[in-house]
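One structure below.
The values are calculated or read from the model by the stated rules, or taken from the named source; none is laboratory data. Small disclaimer: the values here were computed from a predicted structure and weren't measured. Neighbour counts run over all protein chains shown; Cβ positions are idealised from the backbone, glycine included. The accessibility values were calculated without ligands, DNA or RNA, using every heavy atom of the protein model including side chains. Shrake-Rupley method; radii C 1.70, N 1.55, O 1.52, S 1.80 Å.
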Amino acid sequence: MPPKKSLGAEYLKGLWDENPVFRQLLGMCPTLAVTNAVINGFAMGLATAFVLILSSLVVSSIKKLIPSQVRIATYIVIIASFVTIADRFLAAFFPPISKALGPYVPLIVVNCIILGRQEAFSSKNSIGRSLVDALGMSTGFILALLVLSSIRELLGAGTFLSYQVLGSWFKPWIIMILPAGAFITLGVLLGLAILIETKTKTRSS
Amino acid sequence: MKQNTFVLKSSPHFRDKDSVSKIMYTVVLSLIPAVIASVYFFRLKAVLIYITCVATCLATEAVFLKVRKKDLRSLWDGSAIITGMLLAMTLPPSLSLDLVIIGSVMAIALGKQVFGGLGYNVFNPALVGRAFLQLAFPVAMTTWIPPVTLNVNTATFATPLGNLKFQSSLTQGALIPLKDLFWGNVGGCLGETSAAALLLGALFLLFRRVIDWRIPAGVISSLILFTGAFWLAQPDSYASPLFHVLAGGLIIGAFFMATDMVTSPINPLGTWIYALGIGVLVGLIRLFGGFPEGVMFSILFMNTFVPLINRYTRPRILGERRGAS
């Protein structure tokens, strides 16, 4: 068992060192699929955060009761319950967003970030620590989706949160709001993340 | 020191006089007739697109070489110039120059340098640039103007393949005469109009053995077989195979793009598989796909399979047992 980190470090690791999208490469499906507009990316980030935080709380509080043979199934049942709440909530109060996200809200069930955190963290740590970890991972995920969707909406439509940002001289790059644009943007961002990581590593050593 | 005639040296023992830049400039030379033809058909617009493409490609390449701390001399190995010229040839003459710049930057950046530069790219860089433009600006990339030589006073114009795709039957003058297709007196991208000029350059390349004859032979013959089968069955609703060979980007694709040494298979069997795949895909897209033209996507698609083809067509080493690898 590695030495315990401070709670602040436990939170901050989700932002960069163990950022779910840029460092762990988890949750690629929603990352690629719904980041064509900032509002969609942000809504997906919030919904995932809701499910992740509450699932982590529940799993860490009942971790001693879960038989290890059926732990994954138990996690999935817990996660699926919160996903259903999130899905119904979006459909009831934000129908346009729910429609835009389509099947990707129910698909949060199989988001590897959430299951991964339960298996790797909540099932082994205290409730408080799991909450901080889930908060950090959620923030990291939301930030990643925001960066990705901002770039794609700006270049693909010339807008930010549907407000015209770039002037009429700008010809929208339609490819950026297509799936191909998602892969290109993610690829470039991952490259940049690795570049920053190596640069800071060589500087500190 | 007469006794020192027994030389110990590691391989390679035989060296070719060819070098990367020599091959590249041979290709540049072979493209000249097609460049002249497109300038003749589209005048100043063509000249501007060629200059913008080549200059932007060189500039992007220089920036990447600088950032990656590589030798700046390899800027002049000719590969960036070819990418620029080939990209320009796949663009519609009416395309505005800011889009041309975006396409050229993407061709070098996404098509070549992100993979590690010349020799490491999976896809043909010029076609990556064009694919990016096609998906980013679909309207601008499918707006065609008639060649100056045709004396028609219209703002827009259809390509021979566009005509074929979007007209209901062949009887409404949908088929452009083969003579015009061959000499290039038709609408289309800069470099795909004149088959004659392209073939002149291609013959030069074949003669100098810069390109593998199997690739154009495979692409063209499989396209002829594919479209010919439909033409023989229903000559009223399908265009003749000769039309398909001469129209659109097939000649430039088969001779100049599919033959890119980096992105085509290494050995003869693999080359045949690759070339036949391209030909059949072009036929499929043209006859049944949503786009009128499919050469670009076919070549890019088969490019992805090149590593796999190379792996499965690797010749056995002497003594190696079948299936033991």
Cα-based reach from A:LYS5 at 15 Å (exclusive), listing aspartates and glutamates while leaving out same-chain residues under 8 positions away: A:ASP17, A:GLU18, A:ASP133
Descending principal axes extents, the stretch B:197-272, alpha-carbon based, whole Å: 41, 29, 17
Nothing charged except the Cβ atoms of Lys and Arg (+1) and of Asp and Glu (-1): what's the magnitude of the dipole of the stretch B:23-127 about its Cα centre? Round to the nearest 20 debye. 160 debye
Mind ranking A:VAL132, B:VAL148 by accessible surface for me, highest first, 1.4 Å probe? B:VAL148, A:VAL132
Cα convex hull volume per residue for the protein assembly as shown (Å³): 260 Å³
Quote the FRET efficiency, to the nearest 0.05, computed for A:VAL188 versus B:ARG208 with a Förster distance R0 of 45 Å and r equal to the Cβ-Cβ distance. 0.70
Average accessible area per residue (Å²) across chain B - probe 1.4 Å, nucleic acids and ligands excluded: 50 Å²
Diffusion constant of chain B at 4 °C, which comes from Stokes-Einstein with the Kirkwood Cα-pair radius and 1.567 mPa s, µm²/s: 62 µm²/s
Summed for both chains, how many Å² of accessible area, to the nearest 100, are buried between A and B with a 1.4 Å probe? 800 Å²
Which log10 I(q)/I(0) values, to two decimals, does the stretch A:49-204 give at q = 0.15, 0.19, 0.21 Å⁻¹ under the Debye formula with one point per Cα? -0.96, -1.18, -1.25
Mind listing the phi-derived Karplus ³J(HN,Hα) values for the stretch B:195-212, rounded to whole Hz, using 6.51, -1.76 and 1.60 with θ = phi - 60°, and x for any glycine or proline? 5, 4, 5, 5, 5, 4, x, 5, 4, 4, 5, 5, 5, 7, 6, 7, 10, 7
Mind checking the log10 I(q)/I(0) for the stretch B:11-51 at q = 0.30 Å⁻¹? Debye, one equal scatterer per Cα, no solvent, two decimals. -0.95
Against the globular-protein guess of 2.2 N^0.38 Å, express the Cα radius of gyration of the stretch A:1-87 as a ratio, rounded to two decimals. 1.25
Listed here are the pairs A:LYS171/A:LYS201; B:LYS112/B:LYS165; B:LYS17/B:LYS112; which of them are more than 29 Å apart at the Cα? A:LYS171/A:LYS201; B:LYS112/B:LYS165
Between the alpha-carbon centers of the stretch B:1-65 and the stretch A:82-113, tell me the distance in whole angstrom. 54 Å
Taking trypsin sites (Lys or Arg not before Pro) as candidate sites, keep only those in a DSSP loop with at most 16 other Cβ atoms within 10 Å, then name the longest stretch of chain B containing none of them. B:71-207
Considering the dipole of the protein assembly as shown built from charges on the beta carbon (Lys and Arg +1, Asp and Glu -1) around the Cα centre, which of B:ALA247, B:PRO92, B:ILE273 is farthest to its positive end? B:ILE273
Tell me, what HN-Hα J-couplings in whole Hz come from the Karplus equation 6.51 cos²θ - 1.76 cosθ + 1.60 at θ = phi - 60° for each residue of the stretch B:5-16, using x for Gly and Pro? 9, 8, 9, 9, 7, 7, 5, x, 8, 10, 10, 8
Using a Förster distance of 45 angstrom, determine the FRET efficiency expected from the C-beta separation of B:ASN310 and A:THR202, and round it to 0.05. 0.80
Could you tell me what a quarter of the Cα convex hull surface of the stretch B:177-325 works out to, in nm² with one decimal place? 10.6 nm²
For the stretch A:129-150 and the stretch B:195-253, write down the distance between their C-alpha centroids in whole Å. 53 Å
Just by accessible area at a 1.4 angstrom probe, what is the order of A:ILE108, A:ILE66, A:ILE196 from largest to smallest? A:ILE196, A:ILE66, A:ILE108
